[in-house]
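K.L.:
Pasting a structure here, questions to come.
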Amino acid sequence: MMIVGLTGGIGSGKSTVAKMFTELGVPVYDSDMEAKKLMAESEEVKAAIMDLLGKEAYRHGTLNKSYIAGRVFKDPVLLEKLNGIVHPAVREHFLDWVHKQESPYVIQETALIFENNAQDNYDCTILVTAPVETRIQRVRDRDMVSQQAVVDRMKNQLNDEHKQDLAHYLLENLDLDKTKEKVKELHLKLLALSSKF
């Protein structure tokens, strides 16, 4: 089975693209959603996060997202330590999930493939792109946050120019109808490629 990594900077629309692949019958693993579940439910992960960020990381047993975001997005060292707890747990969970799938290929939707130098975990990678101004506006509309809050998050991700050289496929996501057509074309390419695995 072929494993495809789907990535893109914040606001690029990688979740929208992931949904399009799901509609074509491709199993997609949402790393962000699964990471949140593990942070909320895994006793091992919870204990490690509280050791790192203090008991305030959980309020009444629930993940205190705003507190955590406020701490880690301003402190690259802290963010790296948090990722060092969460990413290996997600990787293990993902590999268990892969073994349960029956499909020519599967997709892992994840934000930081190239930032974590994890491209070797995939048979091929797709990078979703959009202009920076568009991405900032999308995140502001979606999360109701300030422009500065979005820029702070972007600083923790490589720019698209750097990632384009590392990705196997590029998908510019501006017009939804055009994106859907590109996803269909790419799906056929990936099906053909997957027959070699």
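K.L.:
How many residues are over 12 Å from the mean Cα position of the chain (by Cα) and aromatic (Phe, Trp, Tyr) if we restrict to the range 1-48?
P.N.:
1
K.L.:
Would you point out which residue out of Glu181, Glu161, Glu185 is loosely packed, with under 15 Cβ neighbours inside 10 Å and modelled with pLDDT under 90?
P.N.:
Just a single option satisfies the conditions, and that option is Glu161.
K.L.:
Here's a follow-up. For the range 47-66, which residues satisfy the criterion of being in a helix (DSSP H, G or I) and in contact with a helix residue (DSSP H, G or I) (Cβ under 7 Å, 6 or more places away or on another chain)?
P.N.:
The answer is Ala48, Ile49, Met50, Leu52, Leu53, Glu56, Ala57.
K.L.:
Check every one of the helices (runs of 4 or more DSSP H) wholly within the range 90-197 and list those with 3 or more residues that are touching a Ser or Thr at 6+ places or on another chain (Cβ under 9 Å).
P.N.:
In the range 90-197, 132-143, 160-164, 176-194 are the helices (runs of 4 or more DSSP H) which contain 3 or more residues that are touching a Ser or Thr at 6+ places or on another chain (Cβ under 9 Å).
K.L.:
For the range 92-112, state whether one or more residues are in contact (Cβ under 8 Å) with a residue 60 or more places away in the chain and acidic (Asp, Glu).
P.N.:
Yes, the range 92-112 has at least one match.
K.L.:
Tell me yes or no: at least one residue of the range 54-66 is among the hydrophobic types (A, V, I, L, M, F, W, C) and outside the structural domain of Leu191 (by TED's automatic domain parsing).
P.N.:
The answer is yes, given that some residue of the range 54-66 is among the hydrophobic types (A, V, I, L, M, F, W, C) and outside the structural domain of Leu191 (by TED's automatic domain parsing).
K.L.:
For residues that are of a type in the set (Val, Ile, Thr) and in a helix (DSSP H, G or I), scanning just the range 1-21, find the one that is farthest from Val98 (Cα to Cα).
P.N.:
Thr16
K.L.:
Please pick out the residue among Ala57, Ala111 that is under 30 Å from Met2 (Cα atoms) and crowded, with 17+ Cβ neighbours inside 10 Å.
P.N.:
Ala111
The values are calculated or read from the model by the stated rules, or taken from the named source; none is laboratory data. Note that this is a predicted model, so its numbers are computed, not measured. Cβ sites come from the backbone with ideal geometry, for glycine too, and all protein chains shown count toward neighbours.
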